[in-house]
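What follows is a single structure, written as structure tokens, with notes after it.
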Amino acid sequence: GFGTSGNCEINVNCEEGDDWQDQKRGVARIQVKEGGSLFWCSGSLINNANQDQSPFFLTANHCGDGSSTADYNQWIFYFNYESDDCNDPVSEPIANTMLGASYLASTNFATHSDFKLLLLNSDVPGEFNPFYNGWDINNVASTSGVTIHHPDGDIKKISTFTETAMSTSYDQDVENPSGKYWRVVWSTTTNGQGVTEGGSSGAPLFNQNGLLVGALTGGRASCSNQDAPDFYGKFSYSWESGGTGTS
């Protein structure tokens, strides 16, 4: 929760986030309910071909992969949960929250890309200033980009990569053009070298054009192992290559 992420993490309103102020507005922290358990994940509003502001929301399937319909109706989505500037705030900021979603589609983590598509139970209020992130379904490696996430359920952070992502299988370091994941290694920037943590799962990976190309499954990066890789299920692979569900 608030203030518990690693000390290497970078707030989204530091200068690293200057070019990502639209994209961040789509990213939310999720309080996931799965049976008797509660835990944190991240995810993003995504646009659709009709561009009609339907509240579609992308995260990782392992976030509540055993959640029931009743559980999904109790998931809580926290928008705009962030510091006003680059500094960590003394007191916890107030978030804009929404309750509940319905499951639409997913793929299995073990054999596919670990995505989950939800539809929030109601439209996102205009006063939340939401942004419905665009996406790229081409299987082309990003030359640079960012992830925006809520590590350990903390306020919104940003991590940057400047080396071209690698197409690979999950938790592998060997290039595989038909792989289901993007492998990224985070870069040092003005305010440090952000990574990901538990609670970042499901966070969007944005390419150099500001478009969503993946959702975080996991990896080896941490504040004590900042040069280790993380792995994002490919948006280009997810639905067409094995999605199951209603959409």
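Points to keep in mind about this one:
- SER68 versus ASP171: modelled label distance in nm, points set 7 Å from Cα along the beta carbon direction: 3.0 nm
- Each of the peptides 54-61, 88-95, 175-182 was scored by the mean count of other Cβ atoms within 10 Å over its residues; in descending order, highest first, they stand as 54-61, 175-182, 88-95.
- Accessible surface of the chain [probe 1.4 Å, protein heavy atoms]: carbon and sulfur percent: 45 percent
- Reported label for calculated Rg/Rh (Cα atoms, Kirkwood Rh) given (i) 0.93; (ii) 0.95; (iii) 0.98: (i)
- Pairs spanning more than 22 Å between alpha-carbon atoms, out of LYS33/LYS180; LYS33/LYS116; LYS116/LYS234: LYS33/LYS180.
- Across ASP18, ASP114, the residue with the most accessible area heads the list, and the full order at a 1.4 Å probe is ASP18, ASP114.
- Placing pseudo-labels 7 Å out from each Cα toward the beta carbon at ASN138 and GLN51 gives an inter-label distance of 1.9 nm.
- For segment 55-70, the Karplus equation 6.51 cos²θ - 1.76 cosθ + 1.60, evaluated at θ = phi - 60°, returns couplings of x, 6, 9, 9, 9, 9, 5, 6, 7, x, 5, x, 5, 8, 4, 5 Hz by residue, with Gly and Pro reported as x.
- Extension gain, ASN87 to ARG220: 0.36 nm times the residue separation minus the Cα-Cα distance gives 45.2 nm.
- Remark: spin-label model distance ASN96-PHE39 equals 2.9 nm, labels positioned 7 Å along the Cα→Cβ axis.
- Shown for segment 119-247 is the translational diffusion coefficient from the Stokes-Einstein equation, using the Kirkwood radius over Cα pairs, a temperature of 4 °C and a viscosity of 1.567 mPa s: 85 µm²/s.
- Sequence-ordered 3J(HN,Hα) estimates for segment 130-139 from the Karplus curve with 6.51, -1.76 and 1.60 and θ = phi - 60° stand at x, 10, 9, 5, x, 9, 10, 9, 7, 7 Hz, glycine and proline given as x.
- Solvent exposure of the chain, expressed per residue, is 42 Å² of accessible area, with all protein chains present and a 1.4 angstrom probe.
- Net charge of Cβ neighbours under 13 Å - reference GLN208; Lys, Arg +1; Asp, Glu -1: -3
The values are calculated or read from the model by the stated rules, or taken from the named source; none is laboratory data. From a predicted model like this one, the values you see are computed outputs, not experimental measurements. Note: ideal-geometry Cβ built from the backbone for every residue, glycine included; neighbour counts use all protein chains shown. Each accessible area value is taken on the protein alone, full model and side chains, heavy atoms only, with ligands, DNA and RNA left out. Shrake-Rupley method; radii C 1.70, N 1.55, O 1.52, S 1.80 Å.
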